[in-house]
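**Q** Once you've had a glance at the structure underneath, I'll fire off some questions.
The values are calculated or read from the model by the stated rules, or taken from the named source; none is laboratory data. All figures in this text were calculated on a predicted structure; none of them were measured in a lab. Heads up, the Cβs are rebuilt from the backbone with ideal geometry, glycines too, and the neighbour counts pull from every protein chain shown.
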Amino acid sequence: MNDPTPEHYRARQRARARVMALILGVFVVLMFAITISKIRAGMAH
Amino acid sequence: MTIAAPLLPPADWRDFLALTKPRVMTLVVFTGLCGMLAARVPVDPVLGFTAILCIALGAGAAGALNQWYESDLDAAMKRTANRPLPAGRMERQSALHFGVGVAAFSVILMGLAVNLVAAAILAVSILFYVLIYTVWLKRRTPQNIVIGGAAGAFPPLIGWAAATGQIAMLPFLLFLLVFFWTPPHFWSLALFVRMDYAAAGVPMLPVVAGERVTRRQIGLYTIPMALAALVPWPLGLTGVVYGVTASVLTLVFAAMATQVATRTAIDGDGMRPEKRLFGYSIAYLALIFAAVVADRWILA
């Protein structure tokens, strides 16, 4: 019987999960930086 | 009894990256960045970066949706047959979800973090590329890239709007420059890959109207392109740095376009003038946008 999740499937999934985690991490940092910039701009006004 | 279809492995992340047409995205990001810098107003670095990121994501999403819709055409052309969808490395639905998701995300982020004017133009540019160019025009008319070219002309407007919150004459002229630059750029490419387009049934001008008409149209569209490139100087929107640079670059473009417009290809000549014009047209656009920025900052 064929294994529906052979090793290369899992390797692909792991690689995609790592990239997704990296993107989400960058997104969190970006949102934080945008918030700080907006607060600064609001204070300047 | 039903037989289960063979399970396609999950697409590699590099295939999702390839969906975004990174090379096209580079020029889009560059013209968007130049539009933003040409505005010459103080821009918060984080918000400026976010605006450029949104332009890149929007362009990437539009490219992904284009590939989702055109996977049958891509499969028929040598130049595009190895893209993730025609090569069978990705489910079509994955490309659709990816494209719609990234497009929505880029517009929402632009609206929330930068401003609504830039977000609105970004949304229009994505919809224009996907619906007007890809779905409506590309398979129906040889004028596809003339009208569809507007989609690629939006980034300098978006960059300017991201910096200032409004539109002005200079970014509008940059929009016109890219708009009129697109036909000579694409038709010079179409001249040397027309067999590919013909095989895929895409009504590109050389396929439908022939080589002579295409060459004449390349020459004709170079005229308004040159006007859009040169007019910012006499209007006082840019200074001498841009004026001289644009004049020289446009003169070279016009000379190459004239050669392509007036010659007849001979078997075995390798379409060298057409390939040269195509290559130069990319450098031309990059240099002319760099000249706008250099001029505006040197004058400042």
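**Q** Hey, can you tell me all the residues within segment B:195-230 that are within 19 Å of B:T262 (Cβ to Cβ) and crowded, with 20+ Cβ neighbours inside 10 Å?
**A** B:L205, B:P206, B:T214, B:R215, B:Q217, B:I218, B:Y221, B:T222, B:M225, B:A226
**Q** Is one or more of the residues making up segment B:246-254 touching an Asp or Glu at 6+ places or on another chain (Cβ under 7 Å) and within 21 Å of B:P171 (Cβ to Cβ)?
**A** There is no residue in segment B:246-254 that is touching an Asp or Glu at 6+ places or on another chain (Cβ under 7 Å) and within 21 Å of B:P171 (Cβ to Cβ).
**Q** Turning to a different aspect of this structure: What are the residues in segment B:169-216 that are in contact (Cβ under 8 Å) with a residue 24 or more places away in the chain and outside any helix (DSSP H, G or I), if any?
**A** Hits for segment B:169-216 are B:V193, B:G201, B:V202, B:P203, B:M204, B:A209.
**Q** Can I ask one more? Which condition from (1) over 25 Å from B:A168 (Cβ atoms); (2) within 21 Å of the chain's Cα centre (by Cα) is the one that B:M36 breaks?
**A** Unmet for B:M36, out of (1) over 25 Å from B:A168 (Cβ atoms); (2) within 21 Å of the chain's Cα centre (by Cα): (1).
**Q** From the list B:A120, B:A104, B:A75, B:A81, exactly one residue is part of a loop (DSSP other than H, G, I, E, B), surrounded by fewer than 18 Cβ atoms within 10 Å (Cβ to Cβ) and more than 14 Å from every other protein chain (Cβ to nearest Cβ). Which is it?
**A** Exactly one of B:A120, B:A104, B:A75, B:A81 is part of a loop (DSSP other than H, G, I, E, B), surrounded by fewer than 18 Cβ atoms within 10 Å (Cβ to Cβ) and more than 14 Å from every other protein chain (Cβ to nearest Cβ), namely B:A81.
**Q** If you don't mind, there's one more thing I want to ask. Of the numbered conditions (1) within 14 Å of chain A (Cβ to nearest Cβ); (2) of a type in the set (A, V, I, L, M, F, W, C); (3) touching a Leu at 6+ places or on another chain (Cβ under 7 Å), B:L47 fails exactly one; give the number of that condition.
**A** Unmet for B:L47, out of (1) within 14 Å of chain A (Cβ to nearest Cβ); (2) of a type in the set (A, V, I, L, M, F, W, C); (3) touching a Leu at 6+ places or on another chain (Cβ under 7 Å): (3).
**Q** Need the failing condition index for B:L174 against (1) crowded, with 23+ Cβ neighbours inside 10 Å; (2) under 20 Å from B:A265 (Cβ atoms), just the number.
**A** Failing condition for B:L174: (2).
**Q** Checking the conditions here, which among B:A76, B:A81, B:A95, B:A87 is farther than 20 Å from B:L8 by Cα and small (G, A, S)?
**A** B:A76
**Q** Could you tell me which residue of segment B:233-280 is farthest from B:V292 (Cα to Cα), considering only residues that are within 26 Å of the chain's Cα centre (by Cα) and assigned to a loop (DSSP other than H, G, I, E, B)?
**A** B:G270
**Q** While we're looking at this one, here's another question. If you check A:L30 against the conditions, is it out of contact with any Asp or Glu (no Cβ under 6 Å at 6 or more places or on another chain), at the interface with chain B (Cβ under 8 Å from one of its Cβ atoms) and not basic (K, R)?
**A** Judged against the criteria, A:L30 is a match.
**Q** Exactly one condition in (1) at pLDDT 95 or above; (2) of a type outside the set (A, V, I, L, M, F, W, C); (3) surrounded by 11 or more Cβ atoms within 10 Å (Cβ to Cβ) is not met by A:G25; state its number.
**A** Only one criterion in (1) at pLDDT 95 or above; (2) of a type outside the set (A, V, I, L, M, F, W, C); (3) surrounded by 11 or more Cβ atoms within 10 Å (Cβ to Cβ) is unmet by A:G25, namely (3).
**Q** Of the residues that sit in segment B:1-40 and are farther than 19 Å from B:R83 by Cβ and either within 13 Å of chain A (Cβ to nearest Cβ) or touching a strand residue (DSSP E or B) at 6+ places or on another chain (Cβ under 7 Å) (or both), which one is modelled with the highest pLDDT?
**A** B:L7
**Q** Select from segment A:3-22 the residues that are part of a helix (DSSP H, G or I) and either touching a strand residue (DSSP E or B) at 6+ places or on another chain (Cβ under 6 Å) or modelled with pLDDT under 85 (or both) and list them in ascending order.
**A** A:E7, A:H8, A:Y9
**Q** Checking B:M90 against (1) touching a helix residue (DSSP H, G or I) at 6+ places or on another chain (Cβ under 7 Å); (2) part of a helix (DSSP H, G or I); (3) within 13 Å of chain A (Cβ to nearest Cβ): exactly one of these is not met. Which one?
**A** Every condition holds for B:M90 apart from (2).
**Q** Moving to a separate point now. Can you name every residue in segment B:25-56 that is part of a helix (DSSP H, G or I), β-branched (V, I, T) and touching a residue at least 60 places away in the same chain (Cβ under 8 Å)?
**A** B:V28, B:V29, B:T31, B:T50, B:I52, B:I55
**Q** Within segment A:6-21, take every residue that is surrounded by 11 or more Cβ atoms within 10 Å (Cβ to Cβ) and more than 14 Å from B:R14 (Cα to Cα) and give me the one that is nearest to the other protein chains (Cβ to nearest Cβ).
**A** A:Y9
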